[in-house]
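The values are calculated or read from the model by the stated rules, or taken from the named source; none is laboratory data. Just so it is clear, the model here is predicted, and its values are computed rather than measured. Using ideal geometry, Cβ is built from the backbone for each residue, glycine included, and neighbour counts are taken over all protein chains shown. Quick note on the areas: whole protein, heavy atoms, side chains included, nothing else; ligands and nucleic acids left out. Shrake-Rupley method; radii C 1.70, N 1.55, O 1.52, S 1.80 Å.
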Amino acid sequence: MKLQHSLMLFCLSALMALPMVARTPGEFSQPSRTFLFTYQVTLKDIPAGAERLRIWLPCAVTDANQTVFLKQVQGPVHLHVTHDPPFNNYFLFGEIRRPHPGPAEFTVEYEITRKEYSRGGFESLVRNHQDSVPAPRDLPRYLEPDRLVPIDGKIKAMADEQTRDKQGTVEKAHAIYDYVFQTVRYDKSGTGWGRGDSLWVCDAHHGNCSDFHSLFISLARAEGIPARFEIGFPVPSGTEGEIPGYHCWAEFFVKGLGWVPVDISEAWKDPTKRDYFFGSLDANRVQFTMGRDLTLQPQQQGEPLNYFIYPYVEVDGKAFSGIEKKFSFREATARAKVTDHVAGR
């Protein structure tokens, strides 16, 4: 195991030493793909005598990078779409009065066309960021800290060190991207990973996608660069299959150009894509929500959610954990008859 780890570090070091190669859109991703995505939830062991059960599911919506059709929603109660203006998230919400103690099953099926999303590579971003894209009104929110994403103290000192002598937003963001790529490894061993706790990952130097991108966002915001957290699911290559869990990434804002995506954890898994994932996202994903410390609609009685991708359920005002979930996809070649087009961001 030590030899394998040493070889991995050697290979990464060798790749880091190579000159930067400009990547073009389409090199690592097909332009778009269309697939059916199924989100299934089973609630088990609902307490006997419960008076009220409330369930929230994240809802995928259409934006500039994906077109979403909601094909069907099945469950013991009607789920209707609600909206959270601060982060422009959408949810499916339902309420059951005096729920039966047996299992309650919900299935949501989408048809989604996801496009490759590219703003260009580092060199083109440095040259071409003088466009006239106006700053969004909510931009100041993406300079503020989140509960597990601080921007002061140790984080600020680290950000200053990594961006010293760098000029402009793109150069600073790229330096932060490289720092996270070089110092964090994709490793879900032990405990503590997956919460997106920037200070934890500073010490642990490992984690999953939420840990990589929380650290990136902390460091970027500490340098006055707006950055935001986005989360959804990976869609593997192939024609169908189960999806084991979520995937997340980040964007940073360049004045005059707009939002620029990064996916550092995917770059770490395949270092040949290191340059590509600074400025581009492949089509092998679907986005559901963005932001941290979320308040749902209608508002939950529990604490704000760290992020929202898996079902959240309350029984009589208390968070309920008896939840089983399953996610799957099936490639589609043409859009079939649909129930509803979900417009959004």
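Multiplying the residue separation of GLU95 and ASP293 by 0.36 nm and subtracting their alpha-carbon distance yields 69.0 nm.
For the stretch 37-80, the residues whose amide N sits under 13 Å from a probe point set 7 Å from the Cα of GLU240 along the beta carbon direction are 37-38. Compute the Cα gyration tensor for the stretch 147-191, then decide on rounded, prolate or oblate, letting a ≥ b ≥ c be the square roots of its eigenvalues: rounded whenever a/c is under 1.5, prolate when a/b is larger than b/c in the other cases, and oblate in all that remain. It is oblate, given that a/c is not under 1.5 and a/b is not larger than b/c. In sequence order, the stretch 231-248 has phi-based couplings of 9, x, 9, x, 10, x, 5, x, 9, 6, x, 7, 10, x, x, 6, 9, 9 Hz under the Karplus curve 6.51 cos²θ - 1.76 cosθ + 1.60, θ = phi - 60°, and Gly or Pro positions carry x. Estimated purely from DSSP H runs of n ≥ 4, each contributing -39500 (n - 2.57), the mean residue ellipticity at 222 nm for the chain is -6500 deg cm²/dmol once divided by its residues. With all protein chains in place and a 1.4 Å probe, the accessible surface of the chain carries 51 percent carbon and sulfur.
The string of couplings for the stretch 219-228 from the Karplus curve (6.51, -1.76, 1.60, θ = phi - 60°) is 5, 5, 4, 4, 9, x, 9, x, 8, 9 Hz, one whole number per residue in order, with x for Gly and Pro. Looking at the square roots a ≥ b ≥ c of the eigenvalues of the Cα gyration tensor of the stretch 229-286, which shape do they give, rounded for a/c under 1.5, prolate if a/b is larger than b/c, or oblate? Here the stretch 229-286 falls in the prolate category. Since only VAL170, LEU79, ILE231 are under comparison, the one whose Cα sits farthest along the positive direction of the charge dipole of the chain, derived from C-beta charges on Lys, Arg, Asp and Glu, is LEU79. Accessible surface calculations at 1.4 Å, restricted to protein heavy atoms, place the stretch 187-345 at 37 Å² per residue. With coordinates expressed along the principal axes, the C-alpha atoms belonging to the stretch 55-197 extend over 62, 41, 28 Å, beginning with the largest.
In this simple spin-label approximation, GLN167 and GLU123 carry label points 7 Å from Cα along the Cα→Cβ vector, and these lie 1.8 nm apart.
The equivalent ellipsoid that matches the C-alpha gyration tensor of the stretch 162-301 spans semi-axes of 23, 18, 17 angstrom, in descending order. Along the stretch 59-76 the Karplus relation, 6.51 cos²θ - 1.76 cosθ + 1.60 evaluated at θ = phi - 60°, assigns HN-Hα couplings of 10, 6, 9, 6, 9, 5, 10, 8, 10, 10, 10, 8, 7, 7, 10, 10, x, x Hz to successive residues, with x for each Gly and Pro.
Extents of the chain, taken as max minus min of Cα coordinates on every principal axis and listed largest first, are 63, 49, 46 Å. A straight chain from ARG137 to LEU199 at 0.36 nm per residue would run longer than the Cα-Cα distance by 19.4 nm. Checking the cross-link pairs LYS44/LYS325; LYS188/LYS325; LYS269/LYS326; LYS172/LYS255; LYS44/LYS326 against a 18 Å limit on the alpha carbon distance flags LYS188/LYS325; LYS269/LYS326 as lying beyond it.
What the pair-distance distribution of the stretch 226-345 shows, using all Cα-Cα distances binned every 5 Å from zero, is 2, 8, 14, 17, 19, 16, 13, 8, 2, 0, 0 percent.
Taking amide H positions as modeled 1.01 Å from N, with prolines and chain starts lacking one, the residues under 5 Å from ALA332 and 5 or more places away or on another chain are THR34, PHE35, LEU36.
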